[in-house]
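One structure below.
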């Protein structure tokens, strides 16, 4: 019993060599809990695996030959994790407390909580949207999500503590969610299994955010998020609810595009208005060419 691992830290990395060391450093020297640390590298090309294996020999490094996505990478580590709790971290996050006790004590005292998130901040100290009381599109799904435990809907996977047995009970992450949306889906399935979602306010993270996607166009990021939303909708909402969401998105995107066209000469921040226009066009493109055509 004395050798039992209390917490398994799982970090999924992709081309994050410049930041993953800070993330590992923030957890590896904490000695108030029996822990193990896994880094799953999704076929990075920036020397991440060599850097990690050389500087952190105590870390369990899993080097994938292709980019499997976040969900599949966590599931792969889950097969080897021995901890009673899993602590999921993004590689561009830094765990601030020098103790795992707030995490373990919170979960130990609340057996009805299946997973919990942390308060997450930007490097400048401002807060990030790291939890919510509603799922995407939930306002259109009246009556479809009744009887769930707790008031929190989801917490961000950048800093998430999960009971290992609950994670295995629900089958881990759904690997159809490559990057976005997996945390919404996992949290909802945990709640459907009878558990609540918690928020550990005594533990915090600094999250740079988007480190692996800095070179990706804003419109493309929105396309990926929208596709993930529709994967979530199709899995958890009725078809008529998804139709309502689609009509609402198309109408709002159309209104925004018209507004941006009319007032473009008067905007001081031309870059911001151009990005908003690109996002709206991306939404319309995905809905008309990917979502609606798929349903016909």
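The values are calculated or read from the model by the stated rules, or taken from the named source; none is laboratory data. Worth saying up front: this structure is predicted, and the values here are computed from it rather than measured. A quick note on method: Cβ atoms are made from the backbone with ideal geometry, for glycine too, and the neighbour counts reach across all protein chains shown.
Worth a mention:
- On inspection, residue 123 qualifies as in a loop (DSSP other than H, G, I, E, B), assigned by TED's automatic domain parsing to the domain that holds residue 172, more than 15 Å from the chain's Cα centre (by Cα) and within 28 Å of residue 229 (Cα to Cα).
Yes/no matrix, rows are residues, columns are (1) closer than 19 Å to residue 138 by Cβ; (2) in contact (Cβ under 8 Å) with a residue 24 or more places away in the chain; (3) buried (at least 17 other Cβ atoms within 10 Å of the Cβ); (4) outside the structural domain of residue 137 (by TED's automatic domain parsing):
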{"site": "236", "(1), (2), (3), (4)": "yes, yes, yes, yes"}
{"site": "239", "(1), (2), (3), (4)": "yes, no, no, yes"}
{"site": "248", "(1), (2), (3), (4)": "yes, yes, no, yes"}
{"site": "275", "(1), (2), (3), (4)": "no, yes, no, yes"}
{"site": "280", "(1), (2), (3), (4)": "no, yes, yes, yes"}
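- Some residue of region 103-123 being at positive phi and free of Cβ contacts under 8 Å to residues at least 12 places away in the same chain: no
- Among the residues making up region 186-221, those that are modelled with pLDDT under 75 and either in a loop (DSSP other than H, G, I, E, B) or closer than 21 Å to residue 98 by Cβ (or both) are 209, 210, 214, 215, 216, 217.
- For residue 115, the requirement of being at pLDDT 95 or above and in contact with a strand residue (DSSP E or B) (Cβ under 6 Å, 6 or more places away or on another chain) is met.
- Failed item in (1) touching a residue at least 60 places away in the same chain (Cβ under 8 Å); (2) over 27 Å from residue 67 (Cα atoms); (3) crowded, with 16+ Cβ neighbours inside 10 Å, with residue 149 passing the rest: (1)
- Residue in region 54-77 that is part of a strand (DSSP E or B) and either at positive phi or under 16 Å from the mean Cα position of the chain (by Cα) (or both) present: no
- Meets criteria (under 23 Å from residue 127 (Cα atoms) and more than 12 Å from the chain's Cα centre (by Cα)) for residue 190: no
- Selection status of residue 25, assigned by TED's automatic domain parsing to the domain that holds residue 102, surrounded by fewer than 17 Cβ atoms within 10 Å (Cβ to Cβ) and in a loop (DSSP other than H, G, I, E, B): no
- Selected residue (only one of 19, 74 is touching a helix residue (DSSP H, G or I) at 6+ places or on another chain (Cβ under 9 Å), touching a residue at least 60 places away in the same chain (Cβ under 8 Å) and surrounded by 21 or more Cβ atoms within 10 Å (Cβ to Cβ)): 74
Each row is one residue, and each column tells you yes or no for (1) surrounded by 19 or more Cβ atoms within 10 Å (Cβ to Cβ); (2) more than 11 Å from residue 207 (Cβ to Cβ).
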site	(1), (2)
107	yes, yes
114	yes, yes
120	yes, no
142	no, yes
145	no, yes
156	yes, no
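- Applying the condition of being in a helix (DSSP H, G or I) and in contact with a strand residue (DSSP E or B) (Cβ under 9 Å, 6 or more places away or on another chain) to region 149-184 and asking which residue is nearest to residue 117 (Cα to Cα) yields 183.
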